[in-house]
Structures are given as C-alpha cells and as structure tokens.
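The values are calculated or read from the model by the stated rules, or taken from the named source; none is laboratory data. Here the structure is a predicted model, which means the values were calculated and not measured. Note: ideal-geometry Cβ built from the backbone for every residue, glycine included; neighbour counts use all protein chains shown. These accessible areas exclude ligands, DNA and RNA; they are computed on the full protein's heavy atoms, side chains included. Shrake-Rupley method; radii C 1.70, N 1.55, O 1.52, S 1.80 Å.
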Amino acid sequence: MPILQNSSVQILFGRGDISVRVACNKERNSGAIQFTKINPVPIGTELEMDKPLSLNEAPVTLGFNKVESLDVVINQLLKLRSIMTSEDEYVWTADGKILDKDKLLVNQSK
C-alpha cells in the first residue's frame with residue numbers, strides 16, 4: 001500500500017488558510033498536489049509561487065503516477081461536491097451510507 005506514513009493527517013478546508021499547489025516532473029508522467037498552511041486569504045485567491053516545493057517540504061502531498069489515479073480522486077471530489085450542494089438527491093442510510101436517491105428507488109423497485 002503506497003501510504004507512506006502511519007499517522008492520520010486531516011486537513012480542514014474552508015477558512016482560506018490552506019495553499020494547494022501542483023507539481024509535475026519534467027517528463028510529465030507523474031505529478032503531485034501539495035497542501036501547506038498559509039495566512040488566511042479569500043478562498044480561491046491565486047497565490048504566486050515563491051519557489052517550487054520539494055515533495056518532502058509540504059506537510060501533505062498526494063502523488064500520482066497514473067492519470068487514472070488522478071481521475072479517481074477528481075471523481076470522488078465531484079461526487080462530494082454534488083452531495084454538499086444538492087439537498088434532495090442523496091439519502092443517508094441507518095448504517096451511515098450516502099446513496100443517490102434515483103439509484104435507491106431503481107433498486108427498491110426490482
């Protein structure tokens with residue numbers, strides 16, 4: 001499993017105090033997203049990069065060796081965005097699962 005540290009790291013977004021940077025090697029066959037703490041700025045502010053960070057300088061780095069892996073993370077973020085912005089499309093089950101109402105209704109009618 002390619003999780004490199006045993007400790008749990010959590011990042012709480014929504015205060016404008018997390019910088020999100022991207023990095024890519026010269027061959028463009030692997031890349032990373034790096035998260036660092038900054039002084040709060042309005043969310044979405046384009047920040048100028050003073051200098052590139054090495055992979056070990058950021059407290060949290062997500063590394064990608066395949067575009068397909070990046071697509072999985074993007075799709076999960078888009079799903080979370082949809083869940084957070086739509087009131088009626090998802091339901092929570094008693095065991096804590098989040099289900100799409102349309103899929104739930106289709107499965108119940110079978």
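Here the chain has 55 percent of its accessible surface on carbon and sulfur atoms, given a 1.4 Å probe and all protein chains in place. 3J(HN,Hα) couplings calculated from phi for segment 79-91 with the Karplus curve 6.51 cos²θ - 1.76 cosθ + 1.60 (θ = phi - 60°) are, in sequence order, 5, 4, 4, 5, 4, 6, 9, 10, 7, 10, 8, 10, 10 Hz; Gly and Pro show x.
Taking Cα centre as origin and charging only the Cβ of basic (Lys, Arg, +1) and acidic (Asp, Glu, -1) residues, the dipole magnitude of the chain rounds to 220 debye. Amide H to amide H distances under 5 Å link V60 with F35, where only residues 5 or more positions off or on other chains count and H is placed in the peptide plane. Using the Karplus relation 6.51 cos²θ - 1.76 cosθ + 1.60 with θ = phi - 60°, the per-residue 3J(HN,Hα) values for segment 40-46 come to x, 9, x, 4, x, 4, 6 Hz, with x marking Gly and Pro.
Hey, what's the chain come to in accessible area per residue, 1.4 Å probe, Å²? Accessible area per residue: 89 Å².
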